[in-house]
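Some notes on the structure that comes next.
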Amino acid sequence: MTDPNREDRLRPLNGNITASAHQLKGAKAYQEDAICVFWSDDETVVVAAVYDGHGGINGRVASTCCANLTREFFEAMWRDLREWDDEMWIQQMRDFFSRMHESVREEFVKLEQARRVLSGQPTDNIVDENGIVRKHTGFPVHGGTTGSIVCFLNLPNRRRTICANVGDSDCLLLRGANSRNKSRQRYKHLSVDHGPDSPDEYMRIDALQLETSLMFVYDKQGVKKHECPKVFLPGGIKDPDYVKDPWGKGLRPTNVRYDPGVYAVTPIGVGEDTTCIAMTRSLGDLYAHQFGMTAEPSVTFEELEMDQEYIITVGSDGIWDCWKFSDFADFLNGCVAKFENELNTACEAVLNHTVARAKACFGSKSYDDASLALIQIKPVQS
C-alpha cells in the first residue's frame, strides 16, 4: 500500500507549498482506504489522491492498486501534463480511470484464481462474457473503490487545480486562515458527488435505456432495499413528500449534515447480481456496471489567485460523514494556525479529532476508515 508516512518516500517540499497525508483504520477488519501524495522535483506539480475501498479484502486490493497506479502515472507524466489544455486533461483522466478500472478487474481475477486453486475448483470460467469476475457459484465478486485525485499546478505565472473523481470521496478547496478577503466563501467543492440523490446521475443512467437499471432509493429501516421509496419521480425530480419531511416519512440520516441515506439498488427479479451501493460511479463493482455504474470520472478545473492562501483537502467519507463542511474548514484552519503551519501535525490532529467524532456519532464498533490528504498553498510574495 502507498504509505505517506515513510520518511524516504519523497524529499521535503522546500518552497511555498506543503503536503501531508494520514490514515486511521476504522472498526472493520481491514483498512480499505489507500492514499497517494506526489510532488515533482521542481515542485510545479503536487498531487493528492484518496481511494476509499469497499468490500472487505477486495476493497483493500482495489484501493491499493489504484493508489499505486496514481503514483506511477504522475511520476511518468508530470513534465508533460503542465502543458495540457482542459480537453487533454479530460481525455487523459478518462483514459487513466478506465485503466485503473481494468487493473482492478485483473487483481480480482488473480484473487479468485487463488481462491479456486485452494478449494480445488476449476479456473477456466472466472470472467464471463460481460467482463464480470465470478465465483465458482456464479455469484459476482463484490468490491471496488472510489477515486478522487487533485493535481495542483504551481507555475510561475499561474496556479490551478484539476480534480478527477468517481464516487463520494470529497475534495474541498479551503481559503486559508490568512486569506486577504475573509468575506468570501470558506470552501468550495472541487469534486462532483456521484450519489444516488444526484439528479445528474439519475438522468445519466435513465438516458442509457438499459433493460435493467439501478434504482435510486432512500434507506428506510425494516424495508427490503428494492421496496424502499424512490428518490426521484420520472423526469429526475425528487419526490417532494420526502424532501419536505424525510424523518416523518421514516427515513434516517447518514451523516452529521443530516443527509438522508440513499442507495443505488437493483430492482426485484435480479438474481445473482443484486447490488446495494451508496454511489453511482466507482472503480471495480464490475457486476453493477451492467446496470449503469461507470468508472468515467468527472473532471473540474479551478483557477487560483497567486496572492491568496489555500488548503486543498481530499478525504474519504470517514472524514466527511463527521463534519459540516464549514465547520471542517474552520477546524482545519484553526489546527494549521495552532501548530504554526506544521501541516503534518495539523493533519494528524484533524484525523484524530475526526475519529473521536465518528466514534461518538456512529459507535466504536461501526465507525469508518478515515483518510485525509492536504496541500497547503501559501501566497506568492510580490
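What to note about this one:
- Residue match in the stretch 237-250 (condition: touching a helix residue (DSSP H, G or I) at 6+ places or on another chain (Cβ under 9 Å), surrounded by 15 or more Cβ atoms within 10 Å (Cβ to Cβ) and of a type in the set (Phe, Trp, Tyr)): no
Table: residues versus (1) assigned by TED's automatic domain parsing to the domain that holds Gly176; (2) in contact with a Ser or Thr (Cβ under 8 Å, 6 or more places away or on another chain).
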{"position": "Val231", "(1), (2)": "no, no"}
{"position": "Gly235", "(1), (2)": "no, no"}
{"position": "Asp241", "(1), (2)": "no, no"}
{"position": "Pro260", "(1), (2)": "no, yes"}
{"position": "Ile268", "(1), (2)": "no, no"}
{"position": "Leu304", "(1), (2)": "yes, yes"}
{"position": "Glu309", "(1), (2)": "yes, yes"}
{"position": "Thr313", "(1), (2)": "yes, no"}
{"position": "Ser316", "(1), (2)": "yes, yes"}
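- Within the stretch 348-365, the only residue that satisfies the criterion of being crowded, with 20+ Cβ neighbours inside 10 Å, under 12 Å from Phe331 (Cβ atoms) and not β-branched (Val, Ile, Thr) is Leu351.
- Test: residue in the stretch 322-330 that is in a helix (DSSP H, G or I), over 24 Å from Arg160 (Cα atoms) and not charged (D, E, K, R): no
- Val265 satisfies every condition listed in (1) at pLDDT 95 or above; (2) surrounded by fewer than 19 Cβ atoms within 10 Å (Cβ to Cβ) except (2).
- For Ser282, the requirement of being at pLDDT 95 or above, buried (at least 18 other Cβ atoms within 10 Å of the Cβ) and within 24 Å of the chain's Cα centre (by Cα) is met.
- Note on the stretch 116-132: residues that are surrounded by 15 or more Cβ atoms within 10 Å (Cβ to Cβ) and more than 16 Å from Gly271 (Cα to Cα) amount to 4.
- Which listed residue is in the same structural domain as Leu173 (by TED's automatic domain parsing), in contact (Cβ under 8 Å) with a residue 24 or more places away in the chain and either closer than 30 Å to Ile277 by Cα or of a type outside the set (Gly, Ala, Ser) (or both), from Ala373, Ala356: Ala373
The values are calculated or read from the model by the stated rules, or taken from the named source; none is laboratory data. Predicted model only: the values in this text are computed from it and were never measured. Every residue, glycine as well, gets a Cβ built from its backbone with ideal geometry; the counts of neighbours run over all protein chains shown.
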